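Below: the structure, in structure tokens.
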Amino acid sequence: MSAHESMEHAEHTHHTSGENKKIALLIAIIALCLALSETLGKSAQTESISKNVESSNLWAFFQAKSIRRTTVQTQADQAKLSLRLATDEATRAALQKQIDEWQKTAAHYRSEPSTGEGQDQLAERAKHAEDARDLAMAKYHHFELASAAFQIAIVLASAAIITGMIVLAWISGLLAIAGIGVTAIGMFAPHALHLLGH
């Protein structure tokens, strides 16, 4: 090998080494983005599961209140029939008092703003929990998509080092930018892409 060839080989090796360092740095940055999107995805998934359980519990409580209210209302309606047939004033007064109590209890089951445990309040709370669940799930899907983009970007960047094909590093960088964009959408506007589809 001539001195000129040796010098060209050394320059090529130095240039390749510099490119590989840049690509290795790119891989490190993409790996950091991947770790963040995975963490955000896991957090969103946990939030979604938690809110799903909360909404299920609230709807079950709503159903229980509905059954109790229906039972009490039915008893009040039955007592109203008995009230029409009663002739004794003391019996009529006792029946009316019981009917009033049952109707008050039924109304209490329907709406209880002080505790937030009336049917109206429970339904509202359950709907809020469902909305929070849906939001968390939308975020989760974005973070999962971003994670996939980051993983593919890492593979392509690694392949660029092995093959020396710099175009793979560029594609990797573009995928990483896309992953960052999808992560940002997941964080700040997770329903935006869904709304564009409609």
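This table checks each residue for (1) among the aliphatic types (A, V, I, L, M); (2) open to solvent by 50 Å² or more (accessible area, probe 1.4 Å).
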| site | (1), (2) |
| --- | --- |
| Asp120 | no, yes |
| Arg125 | no, yes |
| His141 | no, yes |
| Glu144 | no, yes |
| Ser147 | no, no |
| Ala160 | yes, no |
| Gly179 | no, no |
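Restricting attention to the stretch 102-118, the residues being closer than 12 Å to Val72 by Cβ and either open to solvent by less than 40 Å² (accessible area, probe 1.4 Å) or without any contact (Cβ under 8 Å) to a residue 12 or more places away in the chain (or both) number 4. For the stretch 23-69, filtering for residues that are closer than 28 Å to Val155 by Cβ, in contact (Cβ under 8 Å) with a residue 40 or more places away in the chain and surrounded by 14 or more Cβ atoms within 10 Å (Cβ to Cβ) leaves 15.
The values are calculated or read from the model by the stated rules, or taken from the named source; none is laboratory data. Remember, it's a predicted structure, so these values are computed and weren't measured experimentally. Quick reminder, even Gly has a Cβ in these numbers, built from the backbone with ideal geometry, and neighbours come from all protein chains shown. The protein model used for the area step is the full one, side chains on, heavy atoms only, and it has no ligands, DNA or RNA in it. Shrake-Rupley method; radii C 1.70, N 1.55, O 1.52, S 1.80 Å.
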